[in-house]
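Below: one structure, written as C-alpha cells.
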Amino acid sequence: QVQLVESGGGLVQPGGSLRLSCEASGSISSIDAMGWYRQAPGKQRELVAVIRRGGSTTSADSVKGRFTISRDNAKNTVYLQMNSLKPEDTGTYYCNLRRGARSYWGQGTQVTVSP
C-alpha cells in the first residue's frame with residue numbers, strides 16, 4: 001500500500017505564495033511519477049504539474065512561470081512551489097503517485113486565493 005500525506009495549503013491573497021508538500025510512504029519502490037492535480041468547485045480535476053522518475057516535468061499552461069514542482073528523493077517528498085497566486089488557482093490540490101498501472105491519491109489540501 002501507498003500513503004500520501006499533503007500539507008501546506010491555506011488562505012493567501014492574490015499575488016502571494018504557498019508551498020505544498022506531499023510525503024509518500026509504504027510500498028513506494030519504482031515510482032514512475034508524482035504530481036499535483038487540483039479541483040475547483042463544479043469543475044473536473046485537472047493536472048497542475050508532474051515530475052517523472054528521470055526528473056522531467058510537465059506543467060499546465062495556466063501555471064507555467066508561476067508554479068514549480070520538485071522532489072526530495074531522500075524524503076520521498078514532492079513539492080509544489082506556487083508563486084503569483086491568482087483567485088482562479090483556488091481549489092483542492094491532490095497529490096498523485098503512479099507506479100506501473102496503479103495510481104494513488106492523497107486526501108487533498110485546500111488552497112484559497114482571495115483578497
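The values are calculated or read from the model by the stated rules, or taken from the named source; none is laboratory data. The structure presented is a predicted model; accordingly, all values stated were derived computationally and were not measured. Here the Cβ is made from the backbone with ideal geometry for all residues, glycine too, and neighbour counts use every protein chain on show. Keep in mind that these areas ignore ligands, DNA and RNA; they rest on the heavy atoms of the full protein, side chains included. Shrake-Rupley method; radii C 1.70, N 1.55, O 1.52, S 1.80 Å.
If the condition is being exposed (fewer than 14 other Cβ atoms within 10 Å of the Cβ), part of a loop (DSSP other than H, G, I, E, B) and touching a strand residue (DSSP E or B) at 6+ places or on another chain (Cβ under 6 Å), then segment 1-13 contributes only Gln1.
Only a single item in (1) in contact with a Gly (Cβ under 8 Å, 6 or more places away or on another chain); (2) open to solvent by 20 Å² or more (accessible area, probe 1.4 Å) is not met by Lys75, and it is number (1).
To keep it simple, each residue is scored yes or no on (1) buried (at least 18 other Cβ atoms within 10 Å of the Cβ); (2) assigned to a strand (DSSP E or B); (3) in contact with a Phe, Trp or Tyr (Cβ under 9 Å, 6 or more places away or on another chain).
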residue	(1), (2), (3)
Ser70	no, yes, yes
Leu80	yes, yes, yes
Glu88	no, no, no
Tyr93	yes, yes, yes
Arg98	no, yes, yes
Gln107	no, no, yes
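Kindly evaluate Arg19 against the criterion of being touching a strand residue (DSSP E or B) at 6+ places or on another chain (Cβ under 6 Å), open to solvent by less than 60 Å² (accessible area, probe 1.4 Å) and within 16 Å of Val113 (Cβ to Cβ). Here the answer is no, as Arg19 does not meet what is asked.
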